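The values are calculated or read from the model by the stated rules, or taken from the named source; none is laboratory data. This one's a predicted model, so the numbers in the text were calculated from it and none came from an experiment. Heads up, the Cβs are rebuilt from the backbone with ideal geometry, glycines too, and the neighbour counts pull from every protein chain shown. These accessible areas exclude ligands, DNA and RNA; they are computed on the full protein's heavy atoms, side chains included. Shrake-Rupley method; radii C 1.70, N 1.55, O 1.52, S 1.80 Å.
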Amino acid sequence: MIFIKTPEEIELTRAACDLVSRTLGEVAKWVKPGVTTLKLDTIAREFILDNGGKPACLGYHGFPGTLCIEVNETVVHGFPSNYTLREGDIVGTDCVTELNGFNGDSCYTFAVGEVDEKTKALLTTTRESLYKGIEAAKAGKRIGDISNAVQTYVERRGYSVVREMCGHGIGKSMHEDPEVPNYGRRGIGPVLKPGMTICIEPMINLGSKNIVIAQNGWECRTRDRKPSAHYEHTILITDDVPEILTTFDYIEAALQENR
Ligand code: MF3
Ligand code: CO
């Protein structure tokens, strides 16, 4: 069942989204060679708690982190660990915060120092594909229009779309209907209506689309061990163009400072 949010619920979602965006802005300050992913996780958790929120991933079906950590070939759901980031790595940090009963969800994949050109291009295209998906998310269109916009954009550039995981509705729960796949046909799936809040999150591989899930049931990596990128925004469907409720502005400001 897809919920249409009331104006009050939208306000609460907006606040949760601001918190998750600011959290990733804090994380961004720490992304550099020599830092462990556990440190990034601690930064995120403390920032969320200091701001009256709850780290929604922590303990979710037993997940052990505030952040999902996605280093290089890790697609999604990596655990924070004592792995030390190195120059040339990429690291996705996927975070959900709950604030006053509503959730905000966002993900950003960072370059750690200088990364090779091919990987840099993967990051750029994946990020652009997120905005292509968002542009397609107009009231009256369907989920398949978002899916198709993402897929077409990345496949034309030679990348592949992970099939096993997708975006989702969000609200009181971090995962609500509808599912928002990053591949599929235009004109299929649920109709988009004003007041829906959904997460669009392309997971895009440099090599083949195939993934492997670890023994622990969580961590997903590419089968060919080539890099994978992941960006995510929570958006609101409106009468007009969609409103992006999360923002990368805090991240970008932090990255400017880091230079
Ligand atoms: N943030 C992820 C998403 O985009 C979900 C995290 S899974 C969890 O849907 F178990 F870690 F919470
Ligand atoms: Co999500």
Report summary line: Heads up, the range 93-208 by the C-alpha gyration tensor (a ≥ b ≥ c square roots of eigenvalues; a/c under 1.5 rounded, else a/b over b/c prolate, else oblate) looks oblate
Report summary line: For Val75, other-chain or 5+-apart residues with amide H closer than 5 Å (H placed, Pro excluded) are Cys220, Arg221, Thr222
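Please give the per residue accessible area of the range 72-116, computed with a probe of 1.4 Å over protein heavy atoms only, in Å². Intermediate values should be presented prior to the final figure.
On the way: 1460 Å² over 45 residues.
Accessible area per residue, the range 72-116: 32 Å².
Of the GluC sites (Glu not before Pro) in the range 1-94, which ones lie in a loop per DSSP and count no more than 12 other C-beta atoms within 10 Å?
Taking the range 1-94 and a limit of 12 other Cβ atoms within 10 Å, the loop GluC sites (Glu not before Pro) found are Glu87.
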Report summary line: For the table Lys32/Lys132; Lys132/Lys172; Lys118/Lys209; Lys5/Lys29; Lys29/Lys120, the rows whose alpha-carbon distance is greater than 24 Å are Lys32/Lys132; Lys132/Lys172; Lys5/Lys29
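Determine the relative contact order of the chain: mean sequence separation of Cα pairs under 8 Å and six or more apart, normalised by residue count, in whole percent. Provide the component values of the computation, followed by the final result.
Values: 684 pairs, mean separation 62.2, N = 259.
RCO, the chain: 24 percent.
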Report summary line: Zone reached by a paramagnetic label modelled 7 Å from Ala121 Cα along Cα→Cβ, restricted to the range 148-179 with backbone N below 16 Å, covers 153-160
Requested in this report: Name the most mobile residue of Gly195, Gly62, Gly140, meaning the one with the largest mean-square fluctuation, in a Gaussian network model of the chain with Cα contacts below 10 Å.
Outcome: Gly62
Report task. Determine the dipole magnitude for the range 54-136: charges of +1 sit on the beta-carbon of Lys and Arg, -1 on that of Asp and Glu, nothing else is charged, the reference point is the Cα centre, and the result goes in debye to the nearest 20. Result -> 160 debye
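Is the chain best put as rounded, prolate or oblate by its Cα gyration tensor, with a ≥ b ≥ c the root eigenvalues, rounded for a/c under 1.5, and otherwise prolate when a/b is larger than b/c, oblate when not? Show your work: numbers first, answer last.
Working: a/c = 1.60, a/b = 1.16, b/c = 1.38.
In terms of gyration-tensor shape, oblate.
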Query raised in the report: What shape does the range 1-64 have by the C-alpha gyration tensor, where a ≥ b ≥ c are the square roots of the eigenvalues, rounded means a/c under 1.5, and otherwise prolate means a/b greater than b/c and oblate the rest?
Result: prolate
Report summary line: Taking a crude spin-label model, label points 7 Å out from Cα along the C-beta direction, the Ala139 to Phe63 distance in nm is 3.1 nm
Query raised in the report: In deg cm²/dmol, rounded to 500, what helix-only [θ] at 222 nm does the chain give when every DSSP H run of at least 4 residues adds -39500 (n - 2.57) and the total is split over its residues?
Result: -10500 deg cm²/dmol
